[in-house]
Amino acid sequence: MCVCAPPRTPVEGVTIYGRSRADDVRRVRNFLEDRGVVFDYVDIEQAADGAACMMELSGQRDAVVVAIGSRVFVGFDPSALERALP
């Protein structure tokens, strides 16, 4: 089972899973940083259990995955992420 980080933002805790060189990962990071959201980032190529946790959350191996509390988003969808933020 994936152990999620404790919340560190007013948004319940946000974690991004992906490969650091992926464009969508950079887009999601910039999107959240521009809105002042504090997030954890898991590089699935560096973290020992990062890829397994990402698969457990979303069933995805390649797309960026964003966990906001108990909600999971696959890929970079600015409108869906905007609706999930306060």
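The values are calculated or read from the model by the stated rules, or taken from the named source; none is laboratory data. All values derive from a computational prediction rather than experimental measurement. Positions of Cβ are backbone-derived with ideal geometry, glycine not excepted, and every protein chain shown enters the neighbour counts. Side chains are part of the model used for accessible areas, which takes the heavy atoms of the whole protein and leaves out ligands, DNA and RNA. Shrake-Rupley method; radii C 1.70, N 1.55, O 1.52, S 1.80 Å.
Just to verify a result, which residue in the range 52-62, among those that are in contact (Cβ under 8 Å) with a residue 24 or more places away in the chain and farther than 17 Å from Val28 by Cα, is least open to solvent (accessible area, probe 1.4 Å)? That would be Cys53. If you go through the range 1-46 and pick out every residue that is at pLDDT 95 or above and basic (Lys, Arg), you end up with 3. Residue count for the range 63-86 satisfying the condition of being open to solvent by 50 Å² or more (accessible area, probe 1.4 Å), free of Cβ contacts under 8 Å to residues at least 24 places away in the same chain and more than 16 Å from Gly13 (Cβ to Cβ): 5.
Scanning the range 52-86 for residues that are of a type in the set (D, E, K, R) and assigned to a helix (DSSP H, G or I) yields a total of 3. Taking residues in the range 13-33 that are farther than 11 Å from Val66 by Cβ and open to solvent by less than 60 Å² (accessible area, probe 1.4 Å), and partners anywhere that are outside any strand (DSSP E or B) and of a type outside the set (A, V, I, L, M, F, W, C), the pairs with Cβ atoms closer than 6 Å and at least 6 places apart or on different chains are Gly13/Pro7.
Considering each residue of the range 33-44 in turn, at least one proves to be among the hydroxyl-bearing types (Ser, Thr, Tyr) and assigned to a strand (DSSP E or B).
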